[in-house]
Structures are given as C-alpha cells and as structure tokens.
1. Indicate, rounded to the nearest 5 percent, the antiparallel portion of the DSSP beta bridges found entirely in the range B:41-296.
2. Mind listing, in residue-number order, the residues in the range A:1-49 that have at least 50 Å² less accessible area with every protein chain present than in their own chain alone (1.4 Å probe)?
3. Which percent of the accessible heavy-atom area of chain B goes to carbon and sulfur, probe 1.4 angstrom?
4. Can you tell me which of B:28-37, B:318-327, A:111-120 comes out highest on packing, and rank the rest after it, using the mean Cβ neighbours within 10 Å?
5. Per residue, how much accessible area does the protein assembly as shown show when a 1.4 Å probe rolls over the protein heavy atoms, in square angstrom?
6. Run through all the Cα pairs of the range A:3-145 and give the fraction in each 5 Å bin from 0, expressed as whole percent.
7. Taking just the alpha carbons, could you work out the radius of gyration and Dmax for the range B:61-103, both in angstroms?
8. Tell me the net charge near B:Asn50. Cut-off is 12 Å between Cβ atoms, B:Asn50 excluded, with +1 for each Lys or Arg and -1 for each Asp or Glu.
Amino acid sequence: MDAELNDLYQQVILDHNKNPRNFGELESANHTAKGHNPLCGDQLDLYLLIIGDTISDIKFKGSGCAISKSSASIMTTLLKGKKIEEARVLFTKFHDVVTADTDTEIDEEALGKLAVFSGVREFPARVKCASLAWHTLLSALDNKTEEIVITE
Amino acid sequence: MQNLDVNKIRSDFPILSRLVNGKPLVYFDNAATTQKPKDVIDKINYYYSNINSNVHRGVHYLSETASKEYEDTRKLVQNFINAKSHNEIIYTRGTTESINLVASTYGRNNLVEGDEVLITHMEHHSNIVPWQLICEEKGAKLKVVPITDDGELILSEYDKLINEKTKFISVVHISNSLGTINPIKKIIEKAHKYNIPVLIDAAQSIQHTNVNVQELECDFLAFSGHKMYGPTGIGILYGKKELLEKMPPYQGGGDMILSVSFEKTLFNSIPYKFEAGTPHIEGVIGLSEAIKYIQKIGIENISNYESDILKYATEQISDIKEVKIIGTAKEKSSILSFVIDGIHPHDIGTFLDRDGIAIRTGHHCTEPIMRRFNVPATSRASFSFYNLKEEVDVFVESLRSVIKLFS
C-alpha cells in the first residue's frame, strides 16, 4: 500500500471504523441533528446531552464510509465532558487539519487525536466524508433538530 | 472475441496509455462515460481548425461545410438506429434532455388529471424526475413496475399495471446500476395493444447492442453521445414522425422558426422545431466519428467481446466470498455492481484508485434501486470492448487487498 493511502487509513481510523465508540441512540439527548452526504449516501444521527454549557454525553448512529464513521467516533470521544466553547475550537482545528495545504507541517502534539485525519488532505474527494460529523455537531449545538446538514 | 484486435483498439484511445497514481490506468467506469478514440478527438480539432462557423445561417463556404457535416450526422444516426427518416432525429444535450423534452411537450399536451404514467423501479433519476414533475403539474399519477431480487422486471405486474388510464410508458433498456437488459420488445408490444406510446432510455444500450427502432416499434428513443465514445453535451432523441409533428416546441429561439412577428410565430418543421439556438456543432460532428468507429468494429463484435469480459469478471469476483453482486439478472450487459460487507464503496473506490483503477461508487443516480436492495451505495465496474481480462485480474487483486486491510 502506498504511503498516502497509509496516511489516510491509519490503524486508529480502521479501529474506530470497526469498533465505533459511543455508537447508538441517546434517549436523554436534548440536542440532536441529522447529517447527510447525498454523494455517497452517508447518514448520521448525532445526539447530545448538554447540561449548562457542558456536553455531558454524546452518541451517534448511522451508516457511512470508514472515514466518516471513524471521524464521528473519534469526535464523540473528544467531546464528551467538554464545554461548548471548547467544542467549537476543536471544530476549527479539525477543519484546518483536513483542508490545510498538503505541504503544511502538521503539529501532531497540538492536534492530539485529530492528527490522524491529516492524511485526508491528500484526497480532496474525501474531505466531505471526514467533516460530516463535525458539521452535524455545529447544527446540533444550535439545536436545529429538524434541519438536515448536507455535505456533498 | 477473435474478431477484435484489442491491442490495436487500445492504441486508438490515447488516454488508455497513461498512468494514474503511477500505475497503468484501468478504466472500468464506462457506464459513466466512455473514453474517446483519436478519430473523435481529431475530428473536433479539425472542426475548430478548418470549418468552425454557425450552421444553417450562412451562405459562405464555412457555414455550408459545417451545415453539411452537421446534417450528414443526422443521416448517420438515422442509419445507425434504423429510423425511417432523418427528420425523426433530434439533437439534444443528452439522454436527460431528450426525456425532459418528451415529458414537457408530449406529456404536457396529452396528460390530464387522473391519467397514469408507467415507469419501472430500475430507472435512472433522469427517467423518474421529469415524469414526476409533469405528473404533478397535470394531476397525473406515476406508477412503478416492481423488480425481483435478481433485478429483473416483474412482467406479470407490468401487465396488471397497464390500464385505460395509462397514457405513457417510459422504460430503461439496460439498467445503469444493475446491468439488467429489459425485454423492451415485449414491453412495447403489450403497450401498443392499448395504444400507449413508449419511450426507451437507451443510454446504456446504444453502445453495447444493436438498437433498431423500426423493429422495436418504439415511439421515442433517448441516448447520449458521451457514453458511446463521442463528446459530452450531445444526445439524441428519436421520435416517430407522426408524434413529433403533433408535439409543441420545447424551447423558443432561433432556428426553430419559419417566421417571427410580434403577433405570431410560425414554427419550423421537425426536427428543427425542437432545436432552438446555436447547437453543439462540434459535439454533433464528433459524434459522427464515434458512430463510424463503432460501425467499423461492429456492434455484434462489441456485444460478444463485452459479454465475455463480464462473464470472466463475474467468475473472478464470485471467488471472493465477501463480495455480493447486486444485479444477477439472466440477461445482463457489461455492468458489475457489488457490495462488500463491512466496507463502504467509497473506501473501496479510493483504494482502487491508488492502483490506477477507476470504478464508480455511490448510488449511481438510482436511489430507489439502492433502497430496494437495502444498501446505501454500491461499487460498480463497467466494461468496454477496450478492456482486458488482465485488467480484471488487477482489479480483483486490488479488491482482495482492500478486504485484507479492513479485516
């Protein structure tokens, strides 16, 4: 397998694809949103329980490719217990990782777990897959429950 | 199979010798669009270098030359599908526009509230949405012929769905996502017993098999140039003269009129009535070379060779236990759709691309079929007469590696 493909499908991503964390419905959720990528048919339901300004629980379900599923899974592990403002900062960080120029150095330490998505930059067609969960998050934070987020 | 010199054919297509991601290109996305032979590319270059001008408008040499090539192509298409008259050949932008033209002219003129339009469960979105729009406008109903788990039409249901309210039937010849070849002659015969006109969507059949409109007795036929080795942006609508003559114009503008005054406009005769504005001249002229190329190789030879490739690919892929083929009709064209449990088609597509293999992944503009088979998307390999069994081997090998990676 070539190096770029290796960067895209890192072990962490494959693992989260196979065993997604926080997968399922969250009955106590008070913020929800649906994400949809019409190009590939990816569907995502995101459930948040927000108490005060903290995401005290988060779950997702849906179907999608390895990139979109692992992105959602990793996102939930990062956000549980975080304040809403911190979640928004992470969104920006994530967005920068997947859309940065391919020759930009990645500061893996500062990015932490998000660094595994740096390989997506080499595959412009897959950026939408990686960002579906995060765009759906923004919608859920605003509690636009009925609005379907579309990335294509 | 022995009638085709595939190596010679491959050398006619410049793109086939390029590398993609450092690997020789394996182009298995022919149902999306086919590659172009040098004849077509050179002809477009020739058109712009030598005879570029507007058609039907000038008395000068260039316009007369371009108009002649433009109209000669109409006769070539007539001959290719065995239409009775070249006036039954209308240039459009593609299959989608051809179908929209019929829906919004014939459909608008003939449908009334309570009428029914019949399509099938395996239509491309372009043979669903135009009918939905006109049905909604007229208060008519869209009825759908169901399919089996193998992806074949249930003809007994078709028989039941036809009734005195059915005013139009529009059916795909070959399904773009299942590969099923539909028994269109039977379908047309049955419809004509009730005097219902039938449109055949030939976008996936015109390049693979013989299509003879007089033998089929179809009322309309729609196809695209770019899926038959020609340029994008040019398509054909064939219609029976007596139907076309009764239909109102599709768009207004230049070339489709006899005379214009502010009080009244007299429309041109068919086919020009349906061709408003400056057309896609280089598309038409490029298409003529594509048809000549197909005729040179012979549609029978093409059919036989592609059946053989499909058979080989189906056998090879069936050896992989994780693969499930979607679309297992008895009569199939060279389209192989499949899913692999636990691996999304987009991941497969990205992986194969790194090996230089181009396949289509997604819903193929046939979302109702995806729902019918309960899959979000499929991977689709579609073959042409320039593909090789060796390329199938590369493809199958690459599939095995993806499965290994995700296991």
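The values are calculated or read from the model by the stated rules, or taken from the named source; none is laboratory data. Quick caveat, the model's predicted, so the values are computed rather than measured. So basically every Cβ, Gly included, is an ideal-geometry build from the backbone, and we count neighbours across all protein chains shown. Ligands, DNA and RNA are stripped out before the accessible areas are found, and what is left, the full protein with its side chains, is counted by its heavy atoms. Shrake-Rupley method; radii C 1.70, N 1.55, O 1.52, S 1.80 Å.
1. 50
2. A:Leu5, A:Tyr9, A:Leu14, A:Cys40
3. Carbon plus sulfur share of accessible area: 50 percent.
4. Peptide ranking by packing, descending: B:28-37, A:111-120, B:318-327.
5. Numbers: 23930 Å² over 559 residues.
So the protein assembly as shown comes to 43 Å² accessible per residue, rounded to a whole number.
6. Histogram of Cα-Cα distances, whole percents per bin: 2, 11, 21, 24, 21, 13, 6, 2, 0.
7. According to the Cα coordinates of the range B:61-103, Rg and Dmax are 12.2, 38 Å.
8. Net of charged neighbours comes to -2.
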